[in-house]
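Everything below concerns the one structure shown next.
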Amino acid sequence: MTNSFTVSPRSSEFGPSPRWVRVYFNSQLIAESRKMMLLREPDHLPVYFFPKEEALLDCLQSSDQTRRSDYNGEGIYWHVRVGDRIAKNAAYTFRNGSGNGPDLEDYIAFKWEKMDAWFEEDEEVFVYARDPHKRIDILQSSRHIKVAVDGVTVGETKRPWLLFETGLPVRYYMPIQDASMDLLVRTDVTTRCPYKGMANLYSIKIGNNLHEGLAWTYRYPTIECARIQGLVAFFNEKIDIYEDGTLLSRPKTPWS
């Protein structure tokens with residue numbers, strides 16, 4: 001039996017966020033608002049929408065790019081230009097919606113990855129807007145967890161920390177002393193999570209086979225996730241994890 005997980009809401013939601021949000025490009029404040037709106041759609045990451053009157057519209061240049069959404073209507077894009085830097089098609093809104101979706105014409109969104117910095121209140125946020133419906137719990141456990149790749153044990157512990165994150169499978173973190181670090185190869189690849197911080201990825205080498213990006217650790221996690229600092233976790237989707245002697249099924253997620 002295979003488990004499937006989703007990181008998205010079941011239906012679209014467009015509603016107010018109480019957070020004070022600011023976005024910067026080329027060292028200039030592009031938009032800020034304490035009257036933010038958050039759009040949550042199935043199979044999409046959350047998106048902040050600013051009231052148009054709270055964005056620097058003189059930084060926007062017309063773009064020929066458009067796209068059609070059956071739910072949100074016609075997408076209208078702008079380039080964002082500050083000084084000698086330009087982010088193409090980095091701002092957008094929608095108009096002429098279907099009637100079933102939200103009215104977005106009076107709001108504007110910015111592509112997160114094309115901006116330089118985002119802040120919620122006075123804390124910088126990375127990757128995408130944080131979803132107020134997502135929760136993370138990190139609990140210490142005495143479950144016996146064994147991790148294997150190609151039949152070789154690469155980690156085994158009876159003192160794991162279990163990370164429960166809304167919409168995702170349980171992640172099993174173990175002390176670095178309980179992992180076979182001689183089989184783990186540190187890479188230069190890092191990933192960011194708006195909830196947990198920046199992770200450093202490891203590959204696993206079994207004989208002559210190098211399995212890339214199967215493990216990770218957070219050296220400096222966010223304060224909320226400080227319990228996983230320095231612990232090692234593995235992708236359930238790609239390796240064998242035994243819990244109290246039972247092989248767990250591999251979940252289906254975007255990382256499968």
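Quick note: the coordinates plus some simple rules give every number you see, no bench work behind them. Remember, predicted model here, so these are calculated numbers, not experimental data. Using ideal geometry, Cβ is built from the backbone for each residue, glycine included, and neighbour counts are taken over all protein chains shown.
Key figures for this structure:
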{"item": "Under Karplus coefficients 6.51, -1.76 and 1.60, residue-wise ³J(HN,Hα) of the range 181-195 in Hz, glycine/proline x", "result": "5, 6, 9, 8, 10, 5, 10, 8, 7, 10, 10, 10, 10, x, 9"}
{"item": "Once the Cα gyration tensor of the chain is diagonalised, semi-axes √(5λ) in Å", "result": "40, 20, 17"}
{"item": "All Cα pairs of the range 13-125, percent lying beyond 19 Å", "result": "42 percent"}
{"item": "For peptides 40-52, 57-69, sequence by mean Cβ density within 10 Å, most packed first", "result": "40-52, 57-69"}
{"item": "Karplus 3J(HN,Hα) series, Hz, for the range 144-158 with 6.51 cos²θ - 1.76 cosθ + 1.60 (x for Gly, Pro)", "result": "8, 10, 10, 10, 9, 10, 6, x, 9, 6, 10, x, 7, 8, 10"}
{"item": "Listed residue pairs exceeding 27 Å between alpha carbons, taken from 88/252; 158/238; 111/238; 114/252", "result": "88/252; 111/238; 114/252"}
{"item": "Inter-probe distance in nm under a simple model that places probes 7 Å from Cα toward Cβ, at residue 187 and residue 166", "result": "2.9 nm"}
